[in-house]
1. For the stretch 44-97, which residues satisfy the criterion of being among the aromatic types (Phe, Trp, Tyr) and more than 19 Å from LYS136 (Cβ to Cβ)?
2. Name the one entry in HIS66, HIS78 that is more than 19 Å from THR144 (Cα to Cα) and in a strand (DSSP E or B).
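Bear in mind that the values in this text are calculations on the coordinates, not laboratory data. Note that the structure is a prediction, hence the values are computed from the model and not measured. Note that we place each Cβ from the backbone using ideal geometry, even for glycine, and neighbour counts take in every protein chain shown.
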Amino acid sequence: MTTLKQPLPRFINTVIFTLLVICTLPTQAQDVVQVDHAWAGETHAGQTVGAAYMNFLSKQDITLTHVESDLAKTVEIHSMSMENNIMKMRMLESLPIHAGKTAKLAPGGLHLMLFDLTKPLSQGDILHLTLTFSTKDRSTFKQTLKVPVKRISNEHGDHSHHHH
């Protein structure tokens, strides 16, 4: 019986290398987190602050760590709560999203604040948001959304009265 002392043929090395690369590629965002019911509120002329809302449903525990927009210089994650009959809004550094539980961003609660808008948001406009998520192992992935701008009815409470 003879043994081969030569290395594996080059194509086998290539196949193994390719499989290793494919196995270590970052997961597609849509495979991990589903984002739906995304919308942003219409703003008025001269208003430089807006808000966006959506629902997240993830297959694993992840964290929303950063958001960018084509129409706002800064996007922050905010929470709103009622304390002693005063509505308090706080910036959050990140938003944990737990596996199998819907995280809702909605008027009067968690939301994305859009600061220094480059133009007023009008009904029918499309706002592009790039969301950055991290996983438990600290890997990150991004998901880009096309978010329609809708007219806000007063029961949703727009952010035109907020001053930052």
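1. Here is the first cut: in the stretch 44-97, the residues among the aromatic types (Phe, Trp, Tyr) are 53, 56.
Scanning the stretch 44-97 gives a single hit, TYR53.
2. Values: HIS66 fails: more than 19 Å from THR144 (Cα to Cα).
From the options HIS66, HIS78, the qualifying one is HIS78.
Residues checked against (1) of a type in the set (A, V, I, L, M, F, W, C); (2) crowded, with 20+ Cβ neighbours inside 10 Å; (3) more than 22 Å from SER153 (Cβ to Cβ):
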residue: GLN60; (1), (2), (3): no, no, yes
residue: THR63; (1), (2), (3): no, no, yes
residue: THR74; (1), (2), (3): no, no, yes
residue: MET80; (1), (2), (3): yes, no, no
residue: ASN84; (1), (2), (3): no, no, yes
residue: LYS88; (1), (2), (3): no, no, yes
residue: GLU93; (1), (2), (3): no, no, yes
residue: LYS101; (1), (2), (3): no, no, yes
residue: LEU105; (1), (2), (3): yes, yes, no
